[in-house]
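Asks: Okay, here's the structure, questions in a sec.
The values are calculated or read from the model by the stated rules, or taken from the named source; none is laboratory data. Everything numeric here is computed off the predicted structure, so don't read it as measured data. Methodologically, a virtual Cβ is constructed for each residue, glycine included, from the backbone with ideal geometry; neighbour enumeration extends over all protein chains shown. Areas reflect the complete protein model, heavy atoms only, side chains present, ligands, DNA and RNA absent. Shrake-Rupley method; radii C 1.70, N 1.55, O 1.52, S 1.80 Å.
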Amino acid sequence: MSFAELGLSDKVQQAVASAGYTEPTPIQAQAIPHVLARKDVLGIAQTGTGKTAAFTLPMLTLLEHGRARARMPRTLILEPTRELAAQVEDNFDKYGINHKLSVALLIGGVSFGDQDAKITRGVDVLIATPGRLLDHFERGKLLLTGVELLVIDEADRMLDMGFIPDIERIVKLVPFTRQTLFFSATMPPEIQRLADAFLHNPVKVEVARAASTAATITQRLVATGRQDFEKRETLRGLIRNATDLQNAVVFCNRKRDVAVLHRSLQKHGFGAVALHGDMDQHARMAALDSFRSGEMPILVASDVAARGLDIPTVSHVFNYDIPHHAEDYVHRIGRTGRAGRAGQAFTLVGPGDEKSLSAIEKLITTPIEWEGPTLAELPPSEGSSRRGGRGEERSSRSRKVKVRSGGDRQRSKSDDAAEEAAPRREAAPAPQQEETRRPRPERERERDRQSSRGNQNRSRRDDDDAPVKGMGDHMPAFLMRPVTIKKS
Ligand code: AMP
């Protein structure tokens, strides 16, 4: 199958050829003709399958007719995170090179002024995160009654992040007669309910089972001790001994562990950046840019921050923590082995992780091989001493990759133990300091929004380390209503 057979316009086909793509991916081949035929589409596909182009390419073709009107975007794409929204914008830049379309990005952490000005001039494509879109709408600067095509991307991710009430509100603001494209990696019942509500006679396209992992990924388990300093040591050993390591994403379950691990790797001389939910937009983009450019070969990330990011050439994924939810394992290791490339995924498994491991193996329907001794075979722990499965002191082999930046000092176990005992605030990375420079009201609004939206599925978020007392940070709306006191 070639792109020419899909019905895309010449301009789009030329741009696709310039991007170097010769053949549509399965999701593109299946979805594009239906989108061009103005049908609603329910796409079940993960990132890495080429699904972004599956909607951007036909949208560009459709948008060649007609023009944008002031404050009335013609199409709307909803994305769960700022990074994903920015990636979709990059896709429009790349494939829309022969078009003169106006594309606007509405994401948090960017000033309203520039975004307002763009919307006022009129946009063909509006790409937004739900919260920021509603903020603009409430300010009266945006009309959604001209939206001809709505894309809801990463719907299961939206559910995880508590955005569904916002999405339902937005859908009520766009015309009923619109065309809707709805993408999700998985179809739990709640997502199916939304798909039923939002789509009219949709064509269902599905490219891979949600629980499947790419055959090009070599997956291995690595036994390690329970203590964090032991896990960090095991991880360092793995990174140093990895074969063909170009760059790596290291996943932690909680954002505070992202911060601690990032700092530890930096202290050990590794070129690492962090990505987690507390970082502001500028810091996230800076971290991602330095990782993408290869300046920093290691990205330490939480699931929420990293899911869906398009980083095409990741050679290794390390699960510093075994994910609590088996499907997160599939998403994490999907960062590597993309587009037919080879990839390696290592998962640290310590005492107490057995249940999570069996849930993963059940989901992917294959046992994962151990690299070195299994957990049961590890020598017994000598008090708090190390039980690193493939830890540093076991690895006498010379390093195969240059993943370290300056200051390649040897650190003692007590350094790590001290780091573990250090107050959390000290362990926080520089990006958190940038957060404090943002204007106060905006920061607080963002937090309010996060806390009021995050009540659904809280346990799945990466920022719920502490138990919530009472209503937590959430301020119920009725308490904020102005009160009129009648004069007697
Ligand atoms: P996505 O699933 O949209 O995140 O895309 C994953 C990666 O596949 C991106 O780096 C795209 O640039 C790339 N890609 C998209 N379409 C094609 C294609 N037809 N052939 C090869 N690579 C593609």
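Asks: Only one of these conditions is not met by Phe3: (1) more than 24 Å from the chain's Cα centre (by Cα); (2) open to solvent by 30 Å² or more (accessible area, probe 1.4 Å); (3) within 9 Å of the ligand (Cβ to nearest atom). Which number is it?
Replies: With respect to (1) more than 24 Å from the chain's Cα centre (by Cα); (2) open to solvent by 30 Å² or more (accessible area, probe 1.4 Å); (3) within 9 Å of the ligand (Cβ to nearest atom), Phe3 is out only on (2).
Asks: For a quick check of your reading of the model, give me the residue pairs whose first member lies in the range 50-74 and is closer than 17 Å to Leu133 by Cβ, whose second is open to solvent by less than 10 Å² (accessible area, probe 1.4 Å) and not in a loop (DSSP other than H, G, I, E, B), with beta-carbon atoms closer than 8 Å and at least 6 apart or on different chains.
Replies: Going by the 8 Å Cβ cut-off, the qualifying pairs are Arg71/Ile119; Pro73/Ala104; Pro73/Ile119; Pro73/Val125; Pro73/Leu126; Arg74/Val125; Arg74/Leu149.
Asks: Now for a different question. Go through the range 85-119 and report how many residues are farther than 26 Å from Ala15 by Cβ and buried (at least 18 other Cβ atoms within 10 Å of the Cβ).
Replies: Qualifying residue count for the region: 2.
Asks: Please go through the range 28-50 and pick out each residue that is crowded, with 24+ Cβ neighbours inside 10 Å and part of a helix (DSSP H, G or I).
Replies: Of everything in the range 28-50, those that are crowded, with 24+ Cβ neighbours inside 10 Å and part of a helix (DSSP H, G or I) turn out to be Gln28, Ala31, Ile32, Val35.
Asks: Considering only the range 14-27, state which residues are closer than 15 Å to Pro58 by Cβ and part of a loop (DSSP other than H, G, I, E, B).
Replies: Tyr21, Pro24, Thr25
Asks: Give the residue that is modelled with the highest pLDDT, with candidates limited to residues of the range 232-254 that are more than 21 Å from Met296 (Cβ to Cβ) and open to solvent by 10 Å² or more (accessible area, probe 1.4 Å).
Replies: Looking at the filtered set, the residue picked out is Asn253.
Asks: Can you pull out the residues in the range 75-97 that are in a helix (DSSP H, G or I), in contact (Cβ under 8 Å) with a residue 60 or more places away in the chain and in contact with a strand residue (DSSP E or B) (Cβ under 7 Å, 6 or more places away or on another chain)?
Replies: Ala86, Val88
Asks: Please identify the pairs in which a residue from the range 253-267 that is over 14 Å from Phe318 (Cα atoms) has its Cβ atom under 8 Å from the Cβ atom of a residue that is basic (Lys, Arg) and surrounded by 24 or more Cβ atoms within 10 Å (Cβ to Cβ), counting only partners at least 6 apart or on another chain.
Replies: Partner pairs satisfying both residue conditions: Ser264/Arg232.
Asks: With the condition kept exactly as written, say whether any residue in the range 14-26 is within 13 Å of the ligand (Cβ to nearest atom) and among the acidic types (Asp, Glu).
Replies: Yes, there is a match, as at least one residue in the range 14-26 is within 13 Å of the ligand (Cβ to nearest atom) and among the acidic types (Asp, Glu).
Asks: For the range 59-82, which residues satisfy the criterion of being at pLDDT below 95, of a type outside the set (Val, Ile, Thr) and open to solvent by less than 20 Å² (accessible area, probe 1.4 Å)?
Replies: Selection gives Pro80 alone.
Asks: Can you name the condition, by its number, that Thr129 falls short on among (1) within 26 Å of Asp278 (Cα to Cα); (2) modelled with pLDDT of 95 or more; (3) in contact with a Pro (Cβ under 6 Å, 6 or more places away or on another chain)?
Replies: Among (1) within 26 Å of Asp278 (Cα to Cα); (2) modelled with pLDDT of 95 or more; (3) in contact with a Pro (Cβ under 6 Å, 6 or more places away or on another chain), Thr129 violates only (3).
Asks: I've got another one for you. Look at Thr224 and say whether it is open to solvent by less than 10 Å² (accessible area, probe 1.4 Å), under 30 Å from Gly372 (Cβ atoms) and among the polar types (S, T, N, Q).
Replies: When the stated conditions are applied, Thr224 passes them.
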